[in-house]
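Chemist: What follows is a structure written as structure tokens; I'll ask about it next.
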Amino acid sequence: MYESEMIEVLDDYGVPDGRIVSRDEAHEKGLLHRGGVVAIVNSENKILMQRRSASKRVFPGVWDISLAAHVSAGEDSITTVMREMNEEIGFQIERKIQAKDFRFLTSFREDIMPGDKVEKHWYDLFVIVKNIDIKNLCFNDAEVDGVAWLSYTDIIKLKESGQLSPRQGWITPVFKFINKL
């Protein structure tokens, strides 16, 4: 059995309310908490998407944004996404990903329902513009079944077919950003 990370509970405005609980308790009780999400965009204006492992407890086998992580208590979202990105792909692209590589876009709240529970997240959304050769990427099989560069049209088709994670609040801001590149 794994030890669940500790996270801060947020009020409806995204401000910590002083409580710190396990991630499992936050999900079990539907408590609002912070997450960080990152879209990696290449020079063809495509997004690096990951297909969640079929063994994942929540939303197995669906496509999701490049990176998503829970923000641990005492940590901010940029620190979390930098750490997670470096753990997951930083060493594979032969350079350390730094804060200056991330562009903060927006924060958004999203409540999703895996089964009969409501998971409440306040996400901070970041973008990295980087060409990455996905043939050289290796992921933990318990987390990710595959990755692909997908266009807006591809992502909308996944959404319409039910093959996209319900975490979708990032789509509009990321493609607005891409259209300004």
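The values are calculated or read from the model by the stated rules, or taken from the named source; none is laboratory data. All values reported here derive from a predicted model rather than from experimental measurement. Using ideal geometry, Cβ is built from the backbone for each residue, glycine included, and neighbour counts are taken over all protein chains shown. Note: accessible area is taken over every heavy atom of the protein model, side chains too, but ligands, DNA and RNA are not part of it. Shrake-Rupley method; radii C 1.70, N 1.55, O 1.52, S 1.80 Å.
Chemist: Return the total of residues in the stretch 138-157 being more than 12 Å from Gln50 (Cα to Cα) and either touching a Gly at 6+ places or on another chain (Cβ under 8 Å) or among the aliphatic types (A, V, I, L, M) (or both). Break it down stepwise before answering.
Modeler: Residues of the stretch 138-157 that are more than 12 Å from Gln50 (Cα to Cα), as a first pass: 142, 151-154, 156-157.
If we keep only those that are either touching a Gly at 6+ places or on another chain (Cβ under 8 Å) or among the aliphatic types (A, V, I, L, M) (or both) as well, we get 142, 156.
Selection size over the stretch 138-157: 2.
Chemist: Which of the following residues is of a type outside the set (Ser, Thr, Tyr) and under 19 Å from Val174 (Cβ atoms): Phe104, Phe139?
Modeler: Phe104
Chemist: Residue check: is Arg34 touching a residue at least 12 places away in the same chain (Cβ under 8 Å), in a strand (DSSP E or B), open to solvent by 10 Å² or more (accessible area, probe 1.4 Å) and more than 22 Å from Gly115 (Cβ to Cβ)?
Modeler: Judged against the criteria, Arg34 is a match.
Chemist: Looking only at the stretch 1-31, which residues are in a loop (DSSP other than H, G, I, E, B), under 14 Å from His70 (Cα atoms) and modelled with pLDDT of 95 or more?
Modeler: Passing the criteria: only Leu31.
Chemist: Failed condition for Pro16, given (1) within 25 Å of Tyr152 (Cα to Cα); (2) more than 18 Å from the chain's Cα centre (by Cα), with all others met?
Modeler: Failing condition for Pro16: (1).
Chemist: For the stretch 147-164, enumerate the residues that are open to solvent by 50 Å² or more (accessible area, probe 1.4 Å) and part of a helix (DSSP H, G or I). Show your work before the answer.
Modeler: Of the residues in the stretch 147-164, the ones open to solvent by 50 Å² or more (accessible area, probe 1.4 Å) are 152-154, 157, 159-163.
Hits for the stretch 147-164 are Tyr152, Thr153, Asp154, Lys157, Lys159, Glu160.
Chemist: State which residue is most open to solvent (accessible area, probe 1.4 Å) when the search covers only the stretch 165-176 and only residues that are in contact (Cβ under 8 Å) with a residue 60 or more places away in the chain and under 13 Å from the mean Cα position of the chain (by Cα).
Modeler: The extreme case among them is Pro166.
Residue by residue, here is whether (1) of a type in the set (Ser, Thr, Tyr); (2) more than 30 Å from Lys180 (Cα to Cα) holds:
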{"residue": "Ser4", "(1), (2)": "yes, yes"}
{"residue": "Leu10", "(1), (2)": "no, yes"}
{"residue": "Tyr13", "(1), (2)": "yes, no"}
{"residue": "Asp24", "(1), (2)": "no, yes"}
{"residue": "Glu28", "(1), (2)": "no, yes"}
{"residue": "Leu31", "(1), (2)": "no, yes"}
{"residue": "Asn45", "(1), (2)": "no, no"}
{"residue": "Arg52", "(1), (2)": "no, no"}
{"residue": "Ser66", "(1), (2)": "yes, no"}
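Chemist: Next question, about the same structure. Please note which strands (runs of 3 or more DSSP E) are completely contained in the stretch 38-146 and include at least 1 residues that are touching a residue at least 24 places away in the same chain (Cβ under 8 Å), exposed (fewer than 14 other Cβ atoms within 10 Å of the Cβ) and in contact with a helix residue (DSSP H, G or I) (Cβ under 7 Å, 6 or more places away or on another chain).
Modeler: Correct list: empty, since no element meets the threshold.
Chemist: Moving on to the next point. What are the residue pairs meeting all of these: first residue in the stretch 148-160, first residue closer than 14 Å to Val41 by Cβ, second residue of a type outside the set (S, T, N, Q) and in a helix (DSSP H, G or I), Cβ atoms under 6 Å, and 6 or more apart or on different chains?
Modeler: Close Cβ pairs satisfying both conditions: Tyr152/Phe175.
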